[in-house]
Structure formats: structure tokens, C-alpha cells
Amino acid sequence: MNNLIELFDDAQQWLFESLVQPLLFHTGLGGMIEDAYTGTMWLLIGILQIILLVVVFGTLQKLRPAEPVVDRRQIRIDIVYTLIHRLGIFKLVLFFSIQPLWNELFGQAHVLGFSPLHLDELWPGVTDIPWVSLVMYLLIFDFVEYVYHRAQHRYAWFWALHAVHHSQRQMTMWSDNRNHLLDSFIRDAVLVLVSQLIGVPPAQFVLIVVFTQLVESLSHANVRMHFGTWGDRLLVSPMFHRFHHSIEYDESTAGPAHGHNFSVLFPVWDVLFGTAKFNTGYLPTGVHDQQRQEGSRDYGQTFWAQQVLGIRRMFGRD
């Protein structure tokens, strides 16, 4: 493990010195070296994730597809979403927008006597064990994600944005990042806020993000896979999550009001709150009103159309 960490550090250093640092000095942004070094880490993590997706998840999709591939154009659009989110482009926007705001707010709160909870210090000798604190933080973030996801389906304005994600009828390993950019911005802002409130160490926050992203990529993959009776209750599988995207819902249980299988990592939240459905099979995916013969809704056939139409729906203009 130490050798892998050293290899990653060496690769990050090489990428930074060979590409990022010269670019910063060339553009007059030399004062951002420290932050750019962190950005290089996210870029390298994203590159490694994409390699893993192509080699491992891509192989699974070819060996055990849940459905035939019939619309490669929409898959290519999902790849664009993935590159934006995984290669640090979206995190760069967050760095210049929401991060300074949270830093300012928490700086002021610290002056007034507020300090993060530091949950890993609750039970010295137990919660400060790295793997214990990591599991604890994963559960907390996953619960936040579950509540956030329920809200996306509950409130019409939120569903208007989230529908971009559900409008994909050719779901693959690239579909996880198919989200309206405003939706992604709000979600990431919430997660950063939670991390600040509970005092997640930076290294563990990186592990949480990477683990969550990989599980989400697998759960969206076009692969006929589940983890068995008990496994599907421990970790979200492709079959479990595919039902969440199913177009087979009755009209009364689709869209912004209801749904099933909202959990991102651990189905325990769906079990506890009565939204779990197991042994569902591999059903077609999409948004219900895409199926109507008359008055069907256009969710956009291009990246920018999906962004524009999402905003129009949010304001009730589409």
C-alpha cells in the first residue's frame, strides 16, 4: 500500500511540474501553486478512475449487458459529463465559487467559538481508528445523499433538474455524472458543508469521494449484475439501482413525488424508510413522459439542450 501511495505521489509531482506549474506561470497565476497542486491530485484521480471504468466496468458491460446498446450518441454525451466531473473541471468551478464562501463562513464561525464536531474524536481508541472513522463518515455522507436524493424527487423544481439524470434511456457506467450542472453544484456544496461541520480529514474526504464515485459508476453500468440476497442489502448493485431509473413505474409513482431505491451506497436507508425494492430484474430506463405518443416532453438531445431545458422546467416554462 505504501508503495502505491508513493507511486501516486510521484505521478502527481511529475504531472504538476511538467504540465500544471509551467501553465500557471505562463498565464500569470503563480500565486495559486498550492491549490493547483491539490487540483492536480483530483486530475490524476480522475484519469485513474476513467482507466478503471474503461478496463474493468467496460469489460463487464460487454460480457453481461443488461440491454443492447442502441443509442451511442447519448452515451457519448454522458462521457462528456463524466470528463467534466471526474477530471476536475467542475471542481475548479467550485473552488472559485463555493469554497471561498464556506471558508469565509466557517472562519467567522470559528472566531465566534464554533468548531467542527470531529466525530473521529468521540470515542478515543475506537472512532479514531482510520477504517472505523472512514466507515462512520461514509454512513453519514450516504444518509445525507439519501435525503438529498429524496428531495430531488419530492420537489417539482428539484425534479426539473434531476430529470436530466433520469432522461437517459441507454444507461451505462458513464451515466452517473449525467446531471444538470446546477444540480451538481448544489449537491457538492451540501457535501462540502457537511464535511466542514463534522470535521472530515482531507485524506478521508478524498477516499469518500473516490469510493462513492466508483460505486455509483458501477450501479449505473449496463451490466446484468447483483450481489445476492444479502449482498444487495449491504451495497447498491446495478440491478438494485436500475429499478430506481425504471420507466416501468406506474404514472402515480413516477417523477417528482415517489420512487424506490434512492440509496447511493448502502441500501440500509431504503430498508429503514420503506423505499427498498429487491429482486426487480433489469427493466428499461427513462422518464415516464418520454413514452407518451402525444405531448411527449423533450429532455434534450445535446449537452447544452439538456442544461437549458432543465432551467426552463425549473421555472415552469417547459
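Values quoted throughout were computed directly from the atomic coordinates according to the rules given, and no laboratory measurement underlies them. Keep in mind that this is a model prediction, so the values were computed, not measured. So basically every Cβ, Gly included, is an ideal-geometry build from the backbone, and we count neighbours across all protein chains shown.
Tabulated data
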quantity	calculated
Highest-MSF residue in the chain out of 207, 24, 139 [GNM, Cα springs under 10 Å]	24
The chain, dipole about Cα centre (Lys/Arg Cβ +1, Asp/Glu Cβ -1), debye to the nearest 20	1080 debye
Residue with peak Gaussian network fluctuation, the chain [Cα springs, cutoff 10 Å], from 124, 267, 201	124
Positive-end residue of 200, 18, 215, charge dipole of the chain with Cβ unit charges	215
Crossing angle, helix 33-52 versus the chain [Cα axis fit, 0-90 degrees, rounded to tens]	40 degrees
Label-to-label distance, nm, for residues given as residue 193 and residue 301 (7 Å Cα→Cβ offset)	3.9 nm
Most mobile listed residue (178, 233, 73) in the chain, GNM with C-alpha springs under 10 Å	73
Folded to 0 to 90 degrees: helix 156-166 orientation relative to the chain principal axis, Cα	90 degrees
Helical contribution to [θ] at 222 nm, DSSP H n ≥ 4, -39,500 (n - 2.57), averaged over the chain, rounded to 500	-18000 deg cm²/dmol
Whole-percent pair-distance distribution, where bins are 5 Å wide, for the alpha carbons of the stretch 1-63	4, 17, 20, 19, 14, 11, 8, 5, 2, 1
Modelled FRET efficiency - R0 45 Å, residue 7 with residue 234, Cβ distances, 0.05 increments	0.90
Principal-axis tilt of helix 181-198 within the chain, Cα atoms, nearest 10 degrees	50 degrees
Exposure proxy order (Cβ contacts within 10 Å, fewest to most) of 128, 120	128, 120
